[in-house]
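Enquirer: Here it is, the structure, as structure tokens.
The values are calculated or read from the model by the stated rules, or taken from the named source; none is laboratory data. As the structure is a computational prediction, the values presented were derived from the model and not from experiment. FYI the Cβ positions are ideal-geometry reconstructions off the backbone, even for glycines, and counts take in every protein chain you see. Note: accessible area is taken over every heavy atom of the protein model, side chains too, but ligands, DNA and RNA are not part of it. Shrake-Rupley method; radii C 1.70, N 1.55, O 1.52, S 1.80 Å.
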Amino acid sequence: QVQFVESGGGLVQPGGSLRLSCAASGSIRSITGMAWYRQAPGKQRELVALMHNTGVSDYADSVKGRFTASRDNAKNTVYLQMNSLKPEDTAVYYCKDVLSGSWGQGTQVTVSS
């Protein structure tokens, strides 16, 4: 089973940007659906972006227009570009193979002045 490691999180001011990476231990070419989730303190984990095998991605209303998910099969990596960050985006962000259910360990994103 392919395993995932997220990176790229950190502390950023409101209005700033971060790009998260999710590196796979093996090829992701055959993975048809990858997703990004996040979990804020005291809240349930929520879906942020779902990348379909068609190349189309769906986004939570709260991040639509600000976040962009993408994948690079040659690098076995998926990305989450986050722009115009808000304090309410503070959470641990996870990537997930939708079909296998394999999760990464998460990366912390903190948006604060």
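Enquirer: Straight distance only, please: which lysines reach the Cα of LYS75 with their own Cα at less than 29 Å, same-chain residues fewer than 8 apart left out?
Expert: LYS64, LYS96
Enquirer: Under the Karplus relation 6.51 cos²θ - 1.76 cosθ + 1.60, θ = phi - 60°, what is the ordered set of whole-Hz ³J(HN,Hα) values for the range 58-74, x standing for Gly and Pro?
Expert: Couplings: 10, 10, 5, 4, 5, 10, 4, x, 10, 10, 9, 9, 8, 9, 10, 5, 5 Hz.
Enquirer: Here's a follow-up. If you take the alpha carbon radius of gyration of the range 1-60 and divide it by 2.2 N^0.38 Å, what ratio comes out, to two decimals?
Expert: So the Cα radius of gyration is 1.29 times the expected 2.2 N^0.38 Å.
Enquirer: Something else now. In Å³ and rounded to a whole number, note down the convex hull volume per residue for the Cα atoms of the range 57-101.
Expert: 101 Å³
Enquirer: To continue, here is another question. What does the convex hull of the Cα atoms of the range 28-91 come to per residue, in Å³, rounded to a whole number?
Expert: 88 Å³
Enquirer: Give the Rg (one decimal place) followed by the Dmax (whole number) of the chain, computed from C-alpha coordinates and expressed in Å.
Expert: 13.1, 41
Enquirer: Order these peptides, 20-30, 54-64, by their mean beta-carbon neighbour count within 10 angstrom, highest first.
Expert: Result, highest mean first: 20-30, 54-64.
Enquirer: Separate question: Over the chain, average the accessible area per residue using a 1.4 Å probe and give it in Å², no decimals.
Expert: With the other protein chains kept in place, the chain gives 52 Å² per residue.
Enquirer: When the accessible area of the chain is split by element with a 1.4 Å probe, what percent falls to carbon and sulfur?
Expert: 47 percent
Enquirer: Assigning unit charges at the beta carbon (Lys, Arg +1; Asp, Glu -1) and nothing else, what dipole magnitude in debye, to the nearest 20, does the range 46-109 show about its Cα centre?
Expert: The calculation lands at about 160 debye.
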